[in-house]
Amino acid sequence: MPMKLEGSCRCGCVRFSLESHTPVPYQRCYCSICRKQAGGGGYAINLGGLFRTLEIEGERHLGLYRAAILDEEHPVCEISTGERRFCRECGAALWLYDPTWPDLVHPFASAIDTDLPLPPARVHLMLKYRANWAEPEIRPGDESFDLYPELSLADWHRKHGVYVA
């Protein structure tokens, strides 16, 4: 049975819950979008969840941000299909939903109030775009990637024996 995650913004205007097979906060994304929208430490941590289970209280307080992407991989400016939701009252980043993968939603670990499992290892991704002041703390067993890792959230959880069936 998937793990139930409950989350909220800082001011409490938005509360949400969802179910997750992939609740371990192991993946640190250093891209400029994650870093600037939700990464005070130079990165953001996204979890995986089942979109059909997402329940929201205070939906009228939600804002929507879709990033403009212009970098070496995207030489022509593109608007991301990813819909980043945040609280319009306090600015807290809450989750990312991308209709390209309609079954999934990716809450930011920082918005989750439920105790999360500790990761046995971490993945540092998008290091090519990290801020110069953000020095990744890469420990033994961690993996690092200039862009994206080969394993999906679900595959990583399965590999490490932490997938919640």
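The values are calculated or read from the model by the stated rules, or taken from the named source; none is laboratory data. All values derive from a computational prediction rather than experimental measurement. We place every Cβ from the backbone using ideal geometry, glycine too, and count neighbours over all the protein chains shown. Protein only, heavy atoms only, side chains kept; ligands, DNA and RNA dropped before computing areas. Shrake-Rupley method; radii C 1.70, N 1.55, O 1.52, S 1.80 Å.
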For this session: Using only the alpha carbon atoms of the range 1-57, find the Kirkwood hydrodynamic radius as the inverse mean reciprocal pair distance, in angstroms to one decimal.
Result: 12.5
Exercise. P(r) of the range 17-103 in 10 Å steps, Cα pairs, percent per bin?
Worked result: 15, 45, 35, 5
Seminar exercise, completed: Once all protein chains are kept in place, residue 77 shows an accessible area at probe 1.4 Å, nearest 10 Å², of 80
For this session: Grab the other residues whose beta carbon is less than 14 angstrom from that of residue 83, score K and R as +1, D and E as -1, and report the net.
Result: +1
For this session: Report Rg/Rh for the chain, rounded to two decimals, where Rg is the Cα radius of gyration and Rh the Kirkwood radius.
Result: 0.95
For this session: Convert each backbone phi in the range 24-33 into a coupling constant with the Karplus relation 6.51 cos²θ - 1.76 cosθ + 1.60 (shift: θ = phi - 60°), then list the ³J(HN,Hα) values in order as whole Hz, x for Gly and Pro.
Result: 7, x, 9, 9, 9, 9, 9, 5, 5, 5
Seminar exercise, completed: With the 1.4 Å probe rolled over protein heavy atoms, the chain has an accessible area per residue in Å² of 56
Exercise. What ³J(HN,Hα) values, in whole Hz, does the Karplus curve 6.51 cos²θ - 1.76 cosθ + 1.60 give for the range 79-89 when θ = phi - 60°, with x put for Gly and Pro?
Worked result: 8, 4, 7, x, 9, 8, 9, 8, 7, 6, 8
Exercise. How many angstrom lie between the C-alpha centres of the range 52-98 and the range 104-165?
Worked result: 19
Exercise. Using θ = phi - 60° and the Karplus curve 6.51 cos²θ - 1.76 cosθ + 1.60, what whole-Hz ³J(HN,Hα) does each residue of the range 6-16 get, with Gly and Pro shown as x?
Worked result: 10, x, 6, 7, 5, 8, x, 5, 10, 10, 8
Exercise. Taking the chain as a whole, which cysteines find no other cysteine Cβ under 4.7 angstrom from their Cβ?
Worked result: 13, 31, 77
Seminar exercise, completed: Sorted by chain and then number, the residues having a modelled amide H within less than 5 Å of the amide H of residue 163, at least 5 places away or on another chain, are 158
Exercise. By how many nm would the segment from residue 15 to residue 76 lengthen if fully extended, with 0.36 nm per residue of separation less the alpha-carbon distance?
Worked result: 18.3 nm
Exercise. Convex hull volume of the Cα atoms in the range 84-165, per residue, in Å³?
Worked result: 151
Seminar exercise, completed: Lys and Arg at +1, Asp and Glu at -1: neighbours of residue 127 with Cβ under 12 Å from its Cβ sum to 0
